[in-house]
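Visitor: Provided herewith is a single structure, encoded as structure tokens, for subsequent inquiry.
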Amino acid sequence: MMIFEKVQGIIVEELGCEKAQITLEAHLNDDLGADSLDAVELIMAIEDAFEINVSDEAAQKLTTVGKIVEFIEGEK
């Protein structure tokens, strides 16, 4: 499974978004309606799914789906 598809599935589950809304360009807050608590839960789910650690500093920079995918690719 591609990283994007896995991230997409996590976002659908955590935020309750439609799969079609989730593109690499989609902004977590503006496009997908994530608030700060949603973002924290999303990062925790990503850490579990990909067995990585995301620092608070890195998490603040993960504002789009594309940035999340790039970060995960950099960690693998």
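Visitor: What does the range 1-40 give for Rg and for Dmax, in Å, if only its C-alpha atoms count?
Guide: Final numbers for Rg and Dmax: 9.5, 28 Å.
Visitor: How high is the relative contact order of the chain, given as a whole-number percent (alpha carbon pairs under 8 Å, six or more residues apart)?
Guide: The value is 37 percent.
Visitor: Can you give the charge dipole size of the range 3-75 about its Cα centre, rounded to the nearest 20 debye, using +1 on the beta carbon of Lys and Arg and -1 on the beta carbon of Asp and Glu?
Guide: Using only the charged Cβ atoms, the result is roughly 160 debye.
Visitor: What residues have an amide H closer than 5 Å to that of Thr64, excluding those fewer than 5 places away on the same chain, when H is modeled at 1.01 Å from N in the peptide plane?
Guide: Amide H to amide H, under 5 Å and 5 or more residues apart or across chains, Thr64 pairs with Leu28.
Visitor: Something else: Calculate, for Glu5 and Lys61, the FRET efficiency according to 1/(1 + (r/R0)^6) with r their C-beta to C-beta distance and R0 30 Å; round to the nearest 0.05.
Guide: 0.85
Visitor: For the chain, what does the helix formula give at 222 nm: sum of -39500 (n - 2.57) over DSSP H segments with n ≥ 4, over the residue count, nearest 500 deg cm²/dmol?
Guide: Calculated from helices alone, the mean residue ellipticity at 222 nm is -18000 deg cm²/dmol.
Visitor: If you don't mind, another one. Apply the a/c threshold of 1.5 to the C-alpha gyration tensor of the range 3-75 and tell me whether it is rounded, prolate or oblate.
Guide: rounded
Any read-out appearing in this document is the output of simple, stated calculations on the displayed coordinates, not a laboratory observation. Nothing here was measured: the structure is a model prediction, and the numbers come from that model. Cβ atoms come from the backbone with ideal geometry, glycine included; neighbour counts cover every protein chain shown.
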